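Here's the structure, in structure tokens; my notes come after.
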Amino acid sequence: MKQFSELSLDELQKRKSTLKSVLIGFIVLAVVIVLLFAYLYFFMGKHIKIVSLIPIFILPITWLPIFISLKSVNDEIALRQSKGSQ
């Protein structure tokens, strides 16, 4: 994978869009999982063990690399735009 400094501005914009889309997809998936557990607990009367809730607590931790990459891309875009305006 290329470093962000080696990518063109268009490639950076595309990478930013891709990262945001993936992040939104993961957040939607997390909401669906939480709603599924809530449905099972409240409407089906099934008692959920704490162990089965581990994916809900771990899922946000898996988003950290995406957030870090998105911040790096945003920083590189801002740097390029500030250089271009001077």
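The values are calculated or read from the model by the stated rules, or taken from the named source; none is laboratory data. Bear in mind the structure is a predicted one, so any value in this text is a computation, not a measurement. Heads up, the Cβs are rebuilt from the backbone with ideal geometry, glycines too, and the neighbour counts pull from every protein chain shown.
Remarks
- Each residue in the range 3-22 was checked for being aliphatic (A, V, I, L, M) and not in a helix (DSSP H, G or I), and 1 of them qualify.
- Restricting the range 1-22 to residues that are at pLDDT 85 or above and surrounded by fewer than 13 Cβ atoms within 10 Å (Cβ to Cβ) leaves a set whose member that is farthest from R80 (Cα to Cα) is S21.
- Matching entry among G25, G84 (being at pLDDT 90 or above and in a helix (DSSP H, G or I)): G25
- Verdict on F37 being over 22 Å from F4 (Cβ atoms), touching a Ser or Thr at 6+ places or on another chain (Cβ under 8 Å), part of a helix (DSSP H, G or I) and not basic (K, R): yes
- Test for L64: is it loosely packed, with under 10 Cβ neighbours inside 10 Å and modelled with pLDDT of 90 or more: yes
- Only one entry of L19, L36, L53 meets the criterion of being touching a Phe, Trp or Tyr at 6+ places or on another chain (Cβ under 8 Å) and not aromatic (F, W, Y), and that entry is L53.
- The residues of the range 55-72 that are closer than 19 Å to V34 by Cβ, hydrophobic (A, V, I, L, M, F, W, C) and more than 9 Å from the chain's Cα centre (by Cα), listed by number, are I56, F57, I58, L59, I61.
Residue-by-condition table, conditions (1) surrounded by fewer than 10 Cβ atoms within 10 Å (Cβ to Cβ); (2) under 24 Å from S17 (Cα atoms); (3) of a type outside the set (D, E, K, R); (4) in contact with an Asp or Glu (Cβ under 6 Å, 6 or more places away or on another chain):
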residue: Y39; (1), (2), (3), (4): no, no, yes, no
residue: G45; (1), (2), (3), (4): yes, no, yes, no
residue: P55; (1), (2), (3), (4): no, no, yes, no
residue: S72; (1), (2), (3), (4): no, yes, yes, no
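- Cβ-Cβ distances below 7 Å connect the following pairs, each with a first residue in the range 1-25 that is touching a residue at least 12 places away in the same chain (Cβ under 8 Å), a second residue that is outside any helix (DSSP H, G or I) and not aliphatic (A, V, I, L, M), and a separation of six or more residues or different chains: L23/W63.
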